[in-house]
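The values are calculated or read from the model by the stated rules, or taken from the named source; none is laboratory data. Predicted model only: the values in this text are computed from it and were never measured. Ideal geometry is used to build each Cβ from the backbone, glycine not excepted, and the neighbour counts take in all protein chains shown. Each accessible area value is taken on the protein alone, full model and side chains, heavy atoms only, with ligands, DNA and RNA left out. Shrake-Rupley method; radii C 1.70, N 1.55, O 1.52, S 1.80 Å.
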Amino acid sequence: MIEKDMILPNGKTVGEAEEASRKKIESIYIDCWKKGISVPFFDNKGNTYLANPDGSEDEADLDYETREYTIIKRIAEPGQGRFAYLLDKIR
């Protein structure tokens, strides 16, 4: 396992790089949600999900040819998704 205090070639620690990455990802979600856009994300099994602007999540199927999503089922109700904590940052 990589230690959080390990120094990377850019002079930052692994922990600092992870924190910067987390903040960037959060800002992408917030910016998209402000525009009413759902954000796709994937699990380690390759399943596709949509994090919706109301804090809900849907499992979805992505048609790579048309770039359209088909909702398979609701995974989390509004305000209950794994990224719902970001809702407070856009209200």
* First in region 63-91 and in a strand (DSSP E or B), second anywhere and of a type outside the set (Phe, Trp, Tyr) and modelled with pLDDT under 95, Cβ under 6 Å, 6 or more apart -> 69/62
* **Every residue from region 51-90 that is within 20 Å of residue 25 (Cβ to Cβ) and among the β-branched types (Val, Ile, Thr)** => 75, 90
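In region 63-91, which residues are among the hydrophobic types (A, V, I, L, M, F, W, C) and at pLDDT 90 or above?
Here is the first cut: in region 63-91, the ones among the hydrophobic types (A, V, I, L, M, F, W, C) are 71-72, 75-76, 83-84, 86-87, 90.
Passing the criteria: 71, 72, 75, 76, 83, 84, 86, 87.
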* **Residue count, region 34-73 (criterion: farther than 22 Å from residue 88 by Cα, open to solvent by 90 Å² or more (accessible area, probe 1.4 Å) and either of a type in the set (D, E, K, R) or in contact with a Lys or Arg (Cβ under 6 Å, 6 or more places away or on another chain) (or both))** => 5
